[in-house]
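Peer 1: What follows is a single structure, and I will ask about it in a moment.
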Amino acid sequence: MPIFVISLGGSVVTSNPLDMKFIKEFSEMINSTGKEDKFCIVIGGGKLARSYITALREAGINDNILDEIGINATRMNALSVSPFLRDCNTKIPTTINEAAEMLRIYRCVVMGGTEPGHTTDTVAALLAERVGSKTLINGTSVDGVYERDPKKYPDARKFKALDYNKSIEMAVQGSLGAGPSVFMDVTSLNIARRSAIKIVVIDGKNISQFRDVIAGKAHSGTTIS
Ligand SMILES: Nc1ncnc2c1ncn2[C@@H]1O[C@H](COP(=O)(O)OP(=O)(O)O)[C@@H](O)[C@H]1O
Ligand SMILES: [Mg+2]
């Protein structure tokens, strides 16, 4: 009974306000995979979170409260996706413990963030560790991990595969300096390394990429292992 954990970037799910076409197609894809497959889907904050956080940050509100605001946005996004998923929770868990319990009941568990200071990628890694999942799929706003941020350096080359140490080194570099930008945060990568959870970074808008990874076929993203 394979368990797949998916970290679905807020930018993938939200538009103004939601990308309903994507949400329906993504859910249909999840609903139609093998009977034995189980899914944990952790959804990010996206535009909703960003608009609140930007406004409040300008007014001097502290980061802990901004993170709480962001977490609430992720939970709204998660609750917006859950009705489209077959055999899925309709109450959004607020802890890893609660999510793991729900996975005993449902085929699919959807959630958002948990605590300030943790990204939803870290929540996904912790949940993968907890439920014994060996594959974490990060569906995000880029189609893989590049040598350097491809949004700033359009000619950067994409990695097909990376090891944990190299990916952590890159994430540390990316999180330093002005306007930090990183494909996944260091904590999520550390959790994956300590429990040998394979991470696959793919273009979150590309449904066929999810289908290929879940089916164990070749994909065009980056595998971190
Ligand atoms: N080396 C890199 N390879 C790929 N993406 C990178 C890299 N460094 C920084 N990034 C940036 O990481 C970001 C990943 O998307 P993110 O902001 O997490 O969106 P989402 O919340 O939808 O997952 C992109 O904006 C991308 O430009
Ligand atoms: Mg992300």
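The values are calculated or read from the model by the stated rules, or taken from the named source; none is laboratory data. Bear in mind that the values here come from a model prediction, so they are computed numbers and not experimental data. We place every Cβ from the backbone using ideal geometry, glycine too, and count neighbours over all the protein chains shown.
Peer 1: Can you confirm whether region 169-176 contains a residue that is over 17 Å from Ala125 (Cα atoms), surrounded by fewer than 16 Cβ atoms within 10 Å (Cβ to Cβ) and within 14 Å of ligand 2 (Cβ to nearest atom)?
Peer 2: Yes, some residue in region 169-176 is over 17 Å from Ala125 (Cα atoms), surrounded by fewer than 16 Cβ atoms within 10 Å (Cβ to Cβ) and within 14 Å of ligand 2 (Cβ to nearest atom).
Peer 1: Which condition breaks for Asp87 when tested against (1) closer than 28 Å to Tyr52 by Cα; (2) modelled with pLDDT of 95 or more?
Peer 2: Asp87 satisfies every listed condition except (1).
Peer 1: Continuing with the same structure: Given Ala156, Ala196, which one is out of contact with any helix residue (DSSP H, G or I) (no Cβ under 9 Å at 6 or more places or on another chain), surrounded by fewer than 18 Cβ atoms within 10 Å (Cβ to Cβ), of a type in the set (A, V, I, L, M, F, W, C) and not in a helix (DSSP H, G or I)?
Peer 2: That would be Ala156, the only listed residue that is out of contact with any helix residue (DSSP H, G or I) (no Cβ under 9 Å at 6 or more places or on another chain), surrounded by fewer than 18 Cβ atoms within 10 Å (Cβ to Cβ), of a type in the set (A, V, I, L, M, F, W, C) and not in a helix (DSSP H, G or I).
Peer 1: I need the full set of residues from region 21-55 which are within 24 Å of Val123 (Cα to Cα), assigned to a helix (DSSP H, G or I) and of a type in the set (A, V, I, L, M), in order please.
Peer 2: Ile23, Met29, Ile30, Leu48, Ala49, Ile53
Peer 1: Examine region 138-152 for a residue that is under 18 Å from Val5 (Cβ atoms), modelled with pLDDT of 95 or more and more than 16 Å from ligand 2 (Cβ to nearest atom), and state whether such a residue exists.
Peer 2: No: zero hits.
Peer 1: Additional query: Would you check if there is a residue in region 103-113 being more than 18 Å from the chain's Cα centre (by Cα) and part of a helix (DSSP H, G or I)?
Peer 2: yes
Peer 1: Just the residues that are buried (at least 17 other Cβ atoms within 10 Å of the Cβ) and in a helix (DSSP H, G or I), please, taken from region 80-92.
Peer 2: Of everything in region 80-92, those that are buried (at least 17 other Cβ atoms within 10 Å of the Cβ) and in a helix (DSSP H, G or I) turn out to be Ser80, Val81, Ser82, Phe84.
Peer 1: Ok, one more. Name, by its number, the condition in (1) in contact with a strand residue (DSSP E or B) (Cβ under 9 Å, 6 or more places away or on another chain); (2) part of a loop (DSSP other than H, G, I, E, B) that does not hold for Leu136.
Peer 2: (2)
Peer 1: Which one of these does Thr140 not meet: (1) more than 10 Å from ligand 1 (Cβ to nearest atom); (2) in contact (Cβ under 8 Å) with a residue 60 or more places away in the chain?
Peer 2: Unmet condition: (1).
Peer 1: Within region 64-79, is even one residue surrounded by 14 or more Cβ atoms within 10 Å (Cβ to Cβ) and part of a loop (DSSP other than H, G, I, E, B)?
Peer 2: Checking region 64-79: not a single residue is surrounded by 14 or more Cβ atoms within 10 Å (Cβ to Cβ) and part of a loop (DSSP other than H, G, I, E, B).
Peer 1: Another question about this same structure. Considering only residues that are surrounded by 15 or more Cβ atoms within 10 Å (Cβ to Cβ), among the hydroxyl-bearing types (Ser, Thr, Tyr) and more than 16 Å from ligand 1 (Cβ to nearest atom), which ones fall in region 1-52?
Peer 2: Across region 1-52, the qualifying residues are Ser27, Thr33.
Peer 1: Which numbered condition in (1) in contact with a helix residue (DSSP H, G or I) (Cβ under 7 Å, 6 or more places away or on another chain); (2) more than 13 Å from ligand 1 (Cβ to nearest atom); (3) among the small types (Gly, Ala, Ser) is the only one that Ala128 fails?
Peer 2: (1)
Peer 1: Exactly one of these conditions fails for Glu147: (1) within 12 Å of ligand 1 (Cβ to nearest atom); (2) surrounded by fewer than 13 Cβ atoms within 10 Å (Cβ to Cβ); (3) in contact (Cβ under 8 Å) with a residue 60 or more places away in the chain. Give me its number.
Peer 2: Evaluating Glu147 over (1) within 12 Å of ligand 1 (Cβ to nearest atom); (2) surrounded by fewer than 13 Cβ atoms within 10 Å (Cβ to Cβ); (3) in contact (Cβ under 8 Å) with a residue 60 or more places away in the chain leaves (3) as the failure.
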